[in-house]
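> I am attaching a structure below and will ask some questions about it afterwards.
The values are calculated or read from the model by the stated rules, or taken from the named source; none is laboratory data. Nothing here was measured: the structure is a model prediction, and the numbers come from that model. So basically every Cβ, Gly included, is an ideal-geometry build from the backbone, and we count neighbours across all protein chains shown. Just so you know, the surface numbers come from the protein's heavy atoms only, side chains and all, with ligands and any DNA or RNA stripped out. Shrake-Rupley method; radii C 1.70, N 1.55, O 1.52, S 1.80 Å.
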Amino acid sequence: MGFSFFASRAAARFLQDIRRPSSAGVSTAALLLTAASGGGIVAYADSARAEEAPEPPPRKKKVVVLGTGWAGTSFLKNLDSSRYEVKVISPRNYFAFTPLLPSVTCGTVEARSVVEPIRRMFEKKGKDVAYYEAECFKIDPTKKAVHCRSAVGTNLDGNGDFMLDYDYLVVALGATVNTFNTPGVMEHCHFLKEVEDAQKIRKSVIDCFERASIPNISEEEKRKILHFVIIGGGPTGVEFAAELHDFLVEDLVKLYPAIAQFVKITIIQSGEHILNTFDQRIAVFAESKFQRDGIELSTGFRVIKVSDDSITVKCKSSGVETLVPYGMAIWSAGIGTRPVITDFMNQGKRRALATNEWLRVPECDSVYAIGDCSSISQRKIMEDISTIFKVADKDNSGTLTLKEINDVLEDICIRYPQVELYMKSMHMVDIADLIKGGVGDSNKESMVVNIEEFKKALCHVDSQVKTVPATAQVAAQQGYYLADCFNKKDHCVEHPEGPLRLTGSGEGHHNFRPFRYKHLGQFAPLGGEQAAAELPGDWVSMGHSTQWLWYSVYASKQVSWRTRVLVVSDWTRRFIFGRDSSRI
């Protein structure tokens, strides 16, 4: 009995010892506990050295992406998500193939055929990405955080506000419509930026025809109700006019034969020609075709006011104001800046968020902007001409030889692409032809130039600085480029692949090559199974064959096989059965 008492006391001390952390933190003393149990002796011993806790894996950098449009989706599709902790903020949980929105307005293609759920895209790619259906209303670069508001109000207090911190922020919020502060536009005009806009237009078109079919409506009222006005002669406005005309002549004439004669389509354009971003041959072809189709073109007119039943336009040449009655108006005259971008820029004069050639927002090392919400500020060579001269002058002689210029020519052309564009526009073979203009003596054998001659030779180069257009093609290429930079960030720190640092602090080379937009061409469907295309190499194609090229390209550019099959089946259905005119 005494032995059992002492054994129980030893057991109690043993339990206290194993609960108490070792002061050395390395090993514990050997403990011996003996207890009589059925005549047996039980011994416990612990002489093993405690294993050291394994080091936790390094924390992944947090990448927050704002937007699921062309730029944001392209970035997410190509980003190696295993390297980062990726979070996506967008008020819409899908990607929309916006070039087909004009087709959605008239039922040529259904709305669900041009959208792909974002979560489905991540699941197919096997990407570990967190998505939140919310809208960012404030960007705080000092705290590296974004303030968001849930689109569904899931918080207990009902407001749905939350905040996310980031290590890298990719702003791909796109753009909104630009009304140029024209009175009445927001209240009375339709827009064509989102899938919801296309669906509203589709219902409004049918509403106009049904209203005009009601008995006791005068002919004058019918002409007003069935007058469709498109404000803006860019690609969106032209494509919608073409789709609406096809809808009328192929489907609605059969369904509304009594009022088909009152339908009128008008395009109001402030410039002298429609499709002014295309080759002039395409603009002329489109204008002649629209005139044959009966689509009225009012070029050289600016909209100054929109009311519920009329549009006030002003002739830019004569200054005369005219009242245009209408039944439905579409505004496609430009894009503007979203409020969160305006607040982040802290300057209202700019249209978009300025970035450098690496798509980074100046003075914000961790913030990048891509797509329609951004604008690349190409550095001008004349701003850095003295620094370039100093870098090229390796022997500090105060002059440059042709060899010294050639040694840095590749870096100059990569950093300042306007140099190459200028030489090409002036039909110059090499740099010697460019330098001769600054030397003053074209027959001078020793190509040696001083700083003033160097400036003179390059003084006109910046005239070739190009700004990239706000198109889906540009946004997709920017997203792909930025994702590629993120994927090889660690490798390029040790093995830079960019041009020589000609300006700024630091030596050596830039980690990455600057972004360069490669124009792959653009299409303009003109209705009647005809289209126009402007392709690389100054190749212009117009007519029926181009329409079939448009079909093949747009089908291949769909983001998934699901949408590809749906779009092609919609086109096939339209060929066989026509468009659906139900008001749904």
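> Having 2 or more residues that are at pLDDT 95 or above is the bar; report the helices (runs of 4 or more DSSP H) wholly within segment 70-136 that clear it. Outline the logic, then answer.
Details: elements: 70-78, 101-105, 118-125.
In segment 70-136, the matching helices (runs of 4 or more DSSP H) lie at 70-78, 101-105.
> Turning to a different aspect of this structure: Quick one: in segment 357-366, of everything that is in contact with a Ser or Thr (Cβ under 9 Å, 6 or more places away or on another chain) and in contact (Cβ under 8 Å) with a residue 60 or more places away in the chain, which residue is farthest from Ile414 (Cα to Cα)?
First, the residues of segment 357-366 that are in contact with a Ser or Thr (Cβ under 9 Å, 6 or more places away or on another chain): 357, 359-362.
From the residues that got through so far, the ones that are in contact (Cβ under 8 Å) with a residue 60 or more places away in the chain too are 357, 359, 361.
Numbers: Glu357: 10, Leu359: 15, Val361: 20 Å.
The residue in question is Val361.
> Give Glu250, Glu243 a once-over and let me know the one that is crowded, with 19+ Cβ neighbours inside 10 Å and assigned to a helix (DSSP H, G or I). Spell out how you get there, then give the answer.
Details: Glu250 fails: crowded, with 19+ Cβ neighbours inside 10 Å.
Being crowded, with 19+ Cβ neighbours inside 10 Å and assigned to a helix (DSSP H, G or I) holds for just one of Glu250, Glu243, which is Glu243.
> Looking only at helices (runs of 4 or more DSSP H) that fall completely inside segment 158-229, which ones have 2 or more residues that are in contact with a strand residue (DSSP E or B) (Cβ under 6 Å, 6 or more places away or on another chain)?
Details: elements: 185-188, 195-212, 219-225.
Hits in segment 158-229: 185-188, 195-212.
> For Gly107, work out the one condition from (1) crowded, with 18+ Cβ neighbours inside 10 Å; (2) free of Cβ contacts under 8 Å to residues at least 12 places away in the same chain it doesn't fulfil.
(2)
> Mind counting the residues in segment 223-271 that are among the acidic types (Asp, Glu) and farther than 18 Å from Phe191 by Cα? If you could, list the steps in order and put the result at the bottom.
Keep residues of segment 223-271 that are among the acidic types (Asp, Glu), which gives 239, 243, 246, 250-251.
Checking the rest, the ones that are also farther than 18 Å from Phe191 by Cα come to 246, 250-251.
Final tally of qualifying residues: 3.
> Of these, Arg350, Arg360, which one is open to solvent by 20 Å² or more (accessible area, probe 1.4 Å), under 21 Å from the mean Cα position of the chain (by Cα) and closer than 18 Å to Val465 by Cβ?
Working: Arg360 fails: closer than 18 Å to Val465 by Cβ.
Testing whether each residue is open to solvent by 20 Å² or more (accessible area, probe 1.4 Å), under 21 Å from the mean Cα position of the chain (by Cα) and closer than 18 Å to Val465 by Cβ leaves just Arg350.
> Go through (1) over 22 Å from Ala354 (Cα atoms); (2) of a type outside the set (Gly, Ala, Ser); (3) over 29 Å from the mean Cα position of the chain (by Cα); (4) in a helix (DSSP H, G or I) and name the single condition Lys394 misses.
If we test Lys394 against (1) over 22 Å from Ala354 (Cα atoms); (2) of a type outside the set (Gly, Ala, Ser); (3) over 29 Å from the mean Cα position of the chain (by Cα); (4) in a helix (DSSP H, G or I), just (4) comes out false.
> Do any residues in segment 182-209 that are over 13 Å from Gly327 (Cβ atoms) and open to solvent by less than 70 Å² (accessible area, probe 1.4 Å) have Cβ atoms under 9 Å from those of residues that are in a helix (DSSP H, G or I) and among the aromatic types (Phe, Trp, Tyr), where the two are at least six apart or on different chains, and which pairs are they?
Leu192/Phe240
> Restricting to segment 416-435, count the residues that are surrounded by 18 or more Cβ atoms within 10 Å (Cβ to Cβ) and either farther than 27 Å from Ser377 by Cβ or in contact with a strand residue (DSSP E or B) (Cβ under 8 Å, 6 or more places away or on another chain) (or both). First the steps, then the outcome.
First, the residues of segment 416-435 that are surrounded by 18 or more Cβ atoms within 10 Å (Cβ to Cβ): 416-419, 422-423, 431, 434-435.
Then keep just the ones that are either farther than 27 Å from Ser377 by Cβ or in contact with a strand residue (DSSP E or B) (Cβ under 8 Å, 6 or more places away or on another chain) (or both); that gives 435.
Counting residues in segment 416-435 that are surrounded by 18 or more Cβ atoms within 10 Å (Cβ to Cβ) and either farther than 27 Å from Ser377 by Cβ or in contact with a strand residue (DSSP E or B) (Cβ under 8 Å, 6 or more places away or on another chain) (or both) gives 1.
> So Glu507 passes all but one of these: (1) open to solvent by 30 Å² or more (accessible area, probe 1.4 Å); (2) closer than 30 Å to Ser425 by Cα; (3) free of Cβ contacts under 8 Å to residues at least 24 places away in the same chain. Which condition number does it fail?
Glu507 satisfies all of (1) open to solvent by 30 Å² or more (accessible area, probe 1.4 Å); (2) closer than 30 Å to Ser425 by Cα; (3) free of Cβ contacts under 8 Å to residues at least 24 places away in the same chain except (2).
> Could you grab the pairs with beta carbons closer than 9 Å, sequence gap of 6+ or different chains, first residue in segment 457-484 and within 17 Å of Ile376 (Cβ to Cβ) and without any contact (Cβ under 8 Å) to a residue 60 or more places away in the chain, second one aromatic (Phe, Trp, Tyr) and open to solvent by less than 50 Å² (accessible area, probe 1.4 Å)?
Gln464/Tyr422
> When residues of segment 210-239 are filtered for being hydrophobic (A, V, I, L, M, F, W, C) and open to solvent by 30 Å² or more (accessible area, probe 1.4 Å), how many remain? Break it down stepwise before answering.
Of the residues in segment 210-239, the ones hydrophobic (A, V, I, L, M, F, W, C) are 212, 214, 217, 225-226, 228-231, 238.
From the residues that got through so far, the ones that are open to solvent by 30 Å² or more (accessible area, probe 1.4 Å) too are 214, 217.
The number of residues fulfilling the criteria is 2.
> For residues in segment 312-347 being in a loop (DSSP other than H, G, I, E, B) and modelled with pLDDT under 90, which is most open to solvent (accessible area, probe 1.4 Å)? Break it down into steps so the answer makes sense when it comes.
So the first thing to find is which residues in segment 312-347 are in a loop (DSSP other than H, G, I, E, B), and the list is 316-320, 326-327, 332-334, 337-338, 346-347.
Then drop every residue that is not modelled with pLDDT under 90, which leaves 334, 346-347.
Numbers: Gly334: 32, Asn346: 135, Gln347: 94 Å².
Selected residue: Asn346.
> Are there helices (runs of 4 or more DSSP H) fully within segment 470-569 with at least 1 residues that are charged (D, E, K, R)? List them.
Details: elements: 472-487, 489-494, 544-556.
Answer list for segment 470-569: 472-487, 489-494.
> Could you tell me whether any residue of segment 148-168 is within 19 Å of the chain's Cα centre (by Cα) and buried (at least 18 other Cβ atoms within 10 Å of the Cβ)?
Going through segment 148-168, the residues within 19 Å of the chain's Cα centre (by Cα) turn out to be 168.
From the residues that got through so far, the ones that are buried (at least 18 other Cβ atoms within 10 Å of the Cβ) too are 168.
Looking for residues that are within 19 Å of the chain's Cα centre (by Cα) and buried (at least 18 other Cβ atoms within 10 Å of the Cβ), one finds at least one in segment 148-168, hence yes.
> Moving on to the next point. Just checking, does segment 547-566 include any residue being polar (S, T, N, Q), surrounded by fewer than 19 Cβ atoms within 10 Å (Cβ to Cβ), touching a strand residue (DSSP E or B) at 6+ places or on another chain (Cβ under 9 Å) and over 30 Å from Asp384 (Cβ atoms)? First the steps, then the outcome.
Pass one, segment 547-566, residues polar (S, T, N, Q): 547, 552, 556, 558, 560, 563.
So of that shortlist, the ones also surrounded by fewer than 19 Cβ atoms within 10 Å (Cβ to Cβ) come out as 552, 556, 560.
After this cut, where a residue has to be touching a strand residue (DSSP E or B) at 6+ places or on another chain (Cβ under 9 Å) as well, the list is 560.
From what's left, over 30 Å from Asp384 (Cβ atoms): 560.
Yes, some residue in segment 547-566 is polar (S, T, N, Q), surrounded by fewer than 19 Cβ atoms within 10 Å (Cβ to Cβ), touching a strand residue (DSSP E or B) at 6+ places or on another chain (Cβ under 9 Å) and over 30 Å from Asp384 (Cβ atoms).
> What number of residues in segment 262-310 are touching a Leu at 6+ places or on another chain (Cβ under 9 Å) and in a strand (DSSP E or B)?
The number of residues fulfilling the criteria is 7.
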